Amino acid sequence: MDIRPIEFSIVVVANDCNPTILNRDFLRDQNIVPDEWGWSTSGPLITTPPYAVVNYDSGVSISVESNKFQIVNGLNSGELFINQLKHIANKYIYTLPHVHYTGVGHNIKMFLDMDNAEEFLKSRFLQKGDWDNEAHPLSTSSYKFTYPLEEGGITITIEGAKHIDTSGDEPKETAGIIVSGNYHRNCRDYPGVDVIVKNIGHAESDWNNFQDTMLSIIGNKK
């Protein structure tokens, strides 16, 4: 079974973010994205009152909406920059400490190559019954698992899907299973900079925990 990481992101939830401050110069001047990383901006740079985004050729994008600040690391044809993502999140928080931050989420997506994904999922998680018979055969299904986490929770969803792999010379569509994970921790303090930074610090352990939990749910070992 081939497992392909697709995406890792850090989301900082807040009540009053200001998208209009986000631009390439702000990120550089505040040392949020240092010049020594060698990242160049890529694609359109958007700065509007409701939404702003800066994209980099590393596959990382940074966006701000009124209710969240988000850093997304696309992994389909790139590298996992988990330390850089933590640096970006922490520097942004320290630069704007008076924003009312309320939580941190680490979101992960992985794709498992599998030709018979739907049949595998049904045999793994469903008993036979009238919900899947010749009269009305079940074509697709999805599964959601929730686990407790201190000051938050873990949600993992699993479903059959197709994925476009762009890592080669030509895009290639592959059938399989998408597994998505959300690790969320609340912050009840204000100002909550220390709590938010502490929760951002769980990024790497959440990444590792997700892989172990995903494999235990699917029923395959590394």
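Of the residues ALA14, ALA52, which single one is surrounded by 19 or more Cβ atoms within 10 Å (Cβ to Cβ), more than 20 Å from VAL179 (Cα to Cα), aliphatic (A, V, I, L, M) and in contact with a His (Cβ under 7 Å, 6 or more places away or on another chain)?
On the way: ALA52 fails: in contact with a His (Cβ under 7 Å, 6 or more places away or on another chain).
None of the others qualify; the one that does is ALA14.
Kindly indicate whether any position in segment 150-171 is over 22 Å from TRP207 (Cα atoms) and among the small types (Gly, Ala, Ser).
First pass over segment 150-171, keeping only residues over 22 Å from TRP207 (Cα atoms): 162, 164, 166, 168-171.
Okay, now just the ones that are also among the small types (Gly, Ala, Ser), so 168.
There is at least one residue in segment 150-171 that is over 22 Å from TRP207 (Cα atoms) and among the small types (Gly, Ala, Ser).
Determine whether GLY176 is at pLDDT below 95, part of a strand (DSSP E or B) and surrounded by 18 or more Cβ atoms within 10 Å (Cβ to Cβ). For GLY176, the condition - at pLDDT below 95, part of a strand (DSSP E or B) and surrounded by 18 or more Cβ atoms within 10 Å (Cβ to Cβ) - is met.
Every condition in (1) in contact with a strand residue (DSSP E or B) (Cβ under 9 Å, 6 or more places away or on another chain); (2) surrounded by fewer than 17 Cβ atoms within 10 Å (Cβ to Cβ); (3) in a helix (DSSP H, G or I) is met by MET214 except one, and the failing one is (2). Say we look at segment 97-121 and pick out the residues that are touching a Cys at 6+ places or on another chain (Cβ under 8 Å) and aliphatic (A, V, I, L, M); which of these is nearest to ASN67 (Cα to Cα)? If we take residues in segment 97-121 being touching a Cys at 6+ places or on another chain (Cβ under 8 Å) and aliphatic (A, V, I, L, M), then VAL99 is nearest to ASN67 (Cα to Cα). Against the list (1) surrounded by fewer than 18 Cβ atoms within 10 Å (Cβ to Cβ); (2) under 27 Å from LEU149 (Cα atoms); (3) in contact with a Ser or Thr (Cβ under 6 Å, 6 or more places away or on another chain), the condition ARG4 fails is (3).
Within segment 115-149, the residues that satisfy the criterion of being surrounded by 11 or more Cβ atoms within 10 Å (Cβ to Cβ), of a type outside the set (D, E, K, R) and touching a strand residue (DSSP E or B) at 6+ places or on another chain (Cβ under 8 Å) are ALA117, PHE120, LEU121, PHE125, THR140, SER141, SER142, TYR143, PHE145, THR146, TYR147, LEU149.
Just one of the numbered conditions (1) surrounded by 18 or more Cβ atoms within 10 Å (Cβ to Cβ); (2) under 27 Å from PHE111 (Cα atoms); (3) more than 19 Å from the chain's Cα centre (by Cα) is not true of SER42; which one? Answer for SER42: the failing condition is (1).
In segment 61-85, the residue that is surrounded by the fewest Cβ atoms within 10 Å (Cβ to Cβ) out of those that are in a strand (DSSP E or B) and hydroxyl-bearing (Ser, Thr, Tyr) is SER61.
Here TYR94 passes the criteria (1) over 30 Å from GLN211 (Cα atoms); (2) in contact with a helix residue (DSSP H, G or I) (Cβ under 8 Å, 6 or more places away or on another chain); (3) in a loop (DSSP other than H, G, I, E, B) except the one numbered (3).
The values are calculated or read from the model by the stated rules, or taken from the named source; none is laboratory data. These numbers were taken from a predicted model, which means no experiment stands behind them. FYI the Cβ positions are ideal-geometry reconstructions off the backbone, even for glycines, and counts take in every protein chain you see.
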